[in-house]
Amino acid sequence: MTELLDFYIDGRWIPAGSDAWQTLVDASTEEPFGTVALASDADVDAAVAAARRAFPVWAATAPETRIAFVEKMRMIHLERTEDMARAISREMGAPIDLARAAQAGSGPRHMANFIAAAKDFDFVRPLGHHAPNDRIVHEPVGVAALITPWNWPISQITLKVAAALIAGCTVVLKPSEIAPLSAIVFAEIVDAAGLPPGVFNLVNGDGAGAGNRLATHPDIDMVSFTGSTRAGISITRAAADSLKRVALELGGKGANLVFADADDKAIERGVRQCFVNSGQNCNAPSRMLVERSIYERSVETAGEIARSIAVGPSGEPGAHIGPVVSARQFERIQGLIETGIAEGARLVAGGPGRPAGFNRGYFVQPTVFADVANDMTIAREEIFGPVLSIIPIETEDEAIAIANDTPYGLTNYVQSQDGERRNRIARLLRSGMVEMNGQPRGAGSPFGGVKASGRAREGGRWGIEEFTDVKSISGWG
């Protein structure tokens, strides 16, 4: 059994001061495999105090030096890719091949993008030609609390930690209590890189305990949170009394607009992208809006693709999808699938219950619904599982209206060979990101949304800016 009973505070591993703990469960077998200590207020206070002490010196450190530390962290991270992949696969159920290829690899990739952006980032720059003696200075916000989720654990950790450190902030990281193993490996990487004591600190804990203490702590200047919209609202309220900066990257209910002139692979691409990571992606294209003239053919194709997707244990190699993360998540998804059927959506593939051959583990059948109306529960709520809702559309205007008719606004998708149409629609979609014709966003592109998806921007220069305050100075000599 794995026992995670220490926190990384002030450059040292320190035993948790609390006797509270949580069981870690293998999502493929439903068997316990370890425990993680949950931080008390005193544990959090110690981590925050260490970060506060370290802040003045770290903030005054030259950006080039801060960048060099992140470069060293990246090199060590690359050396520990297999350790990171195995930790992620174990803690949240990602199939080992996905954990190696995408999950573990995301950390070094994000750090590389931050390093490139930072080398071109002007922390001190002129206001403009009209004011030659004015300067705009980007200064670190201060001590930042970083609260990260379980679905892409090291991706979110590095998106926050690397940006904050380069900006000059000191940090306290609280990863998801469901997925603490990857954060422990990351803390070991930080320690091996020789980061000054107190600049990076790690405490494990749950949202109600350690998360709330960080959000309300008087010595925390900023909270950067990725997770559910419900939790983001709670953190915002908790942070309000101390007027902290709060950066939120929350849920999504992305629409994938597929027009009759879409390429031949558009439907398959959309289905597979919806089911990546067992559908546990905030930017999943979980609503597919298909033009009526190709609707029935597209529904048939989507069902065939879903039925061809294998499901298997996280430890086995292969291109299958794994279990969802927990019993709670499994039961929620099953309930939403049942609701979809009850509300009249047409079940095309999958459905309630585990896939054939499984009587244990949090495995969900890849599920496709057709004839979905946008006011149905499965079209409104973020399911966070391998469930796709297909909605027929008649016109471009109707597609845009349906896509925007959601509380969320993270990522939308457009499939069409008409470049003018794509550009026009992209401008009208209410979301922080739009991806078209399967082309991924470029390195350093900002990740984030609008509305109930939060308004943080992570990645590249925008990610660094999130952790800075802007100071305007006149009379520069």
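Figures for the structure shown
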| read-out | value |
| --- | --- |
| Single residue of region 3-41 satisfying the filter (buried (at least 19 other Cβ atoms within 10 Å of the Cβ) and β-branched (Val, Ile, Thr)) that is nearest to residue 194 (Cα to Cα) | 9 |
| Near pairs, Cβ below 6 angstrom, 6+ apart or cross-chain, from region 398-410 (closer than 16 Å to residue 288 by Cβ) to any residue that is of a type in the set (Val, Ile, Thr) | 399/393 |
| Qualifying residues in region 85-126 (those that are closer than 29 Å to residue 137 by Cβ and of a type in the set (Asp, Glu)) - the one surrounded by the most Cβ atoms within 10 Å (Cβ to Cβ) | 122 |
| Residues (more than 30 Å from residue 315 (Cβ to Cβ), free of Cβ contacts under 8 Å to residues at least 40 places away in the same chain and not in a helix (DSSP H, G or I)) located in region 35-74 | 62 |
| Residue check, residue 400 outside the structural domain of residue 26 (by TED's automatic domain parsing), part of a helix (DSSP H, G or I), of a type in the set (Val, Ile, Thr) and under 22 Å from the mean Cα position of the chain (by Cα) | no |
| Matching residues, region 321-337, being part of a loop (DSSP other than H, G, I, E, B) and either small (Gly, Ala, Ser) or surrounded by fewer than 17 Cβ atoms within 10 Å (Cβ to Cβ) (or both) | 322, 326 |
| Lone unmet requirement of (1) farther than 25 Å from residue 233 by Cα; (2) crowded, with 21+ Cβ neighbours inside 10 Å for residue 421 | (2) |
| Number of positions in region 187-233 that are of a type in the set (Gly, Ala, Ser), part of a helix (DSSP H, G or I) and in contact (Cβ under 8 Å) with a residue 60 or more places away in the chain | 9 |
| Number of positions in region 75-106 that are in a loop (DSSP other than H, G, I, E, B) and either among the polar types (S, T, N, Q) or more than 15 Å from the chain's Cα centre (by Cα) (or both) | 3 |
| Filter result for residue 236 (under 30 Å from residue 375 (Cβ atoms), in contact (Cβ under 8 Å) with a residue 40 or more places away in the chain, β-branched (Val, Ile, Thr) and surrounded by fewer than 24 Cβ atoms within 10 Å (Cβ to Cβ)) | no |
| Test: residue in region 250-258 that is within 22 Å of residue 393 (Cβ to Cβ), in contact (Cβ under 8 Å) with a residue 60 or more places away in the chain, within 21 Å of the chain's Cα centre (by Cα) and assigned to a strand (DSSP E or B) | yes |
| Count of residues meeting criterion [of a type in the set (A, V, I, L, M, F, W, C), out of contact with any Phe, Trp or Tyr (no Cβ under 8 Å at 6 or more places or on another chain) and surrounded by fewer than 17 Cβ atoms within 10 Å (Cβ to Cβ)] in region 342-356 | 2 |
| Residue selected from region 357-386 under the condition on the phi > 0 side of the Ramachandran plot, of a type outside the set (A, V, I, L, M, F, W, C) and in contact (Cβ under 8 Å) with a residue 24 or more places away in the chain, by the criterion surrounded by the fewest Cβ atoms within 10 Å (Cβ to Cβ) | 371 |
| Boolean, residue 191 is surrounded by fewer than 19 Cβ atoms within 10 Å (Cβ to Cβ), among the acidic types (Asp, Glu) and more than 21 Å from residue 11 (Cα to Cα) | no |
| Qualifying positions in region 364-399 - out of contact with any helix residue (DSSP H, G or I) (no Cβ under 8 Å at 6 or more places or on another chain) and under 16 Å from residue 310 (Cα atoms) | 365 |
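The values are calculated or read from the model by the stated rules, or taken from the named source; none is laboratory data. This is a predicted model, so every value here is computed, not measured. Methodologically, a virtual Cβ is constructed for each residue, glycine included, from the backbone with ideal geometry; neighbour enumeration extends over all protein chains shown.
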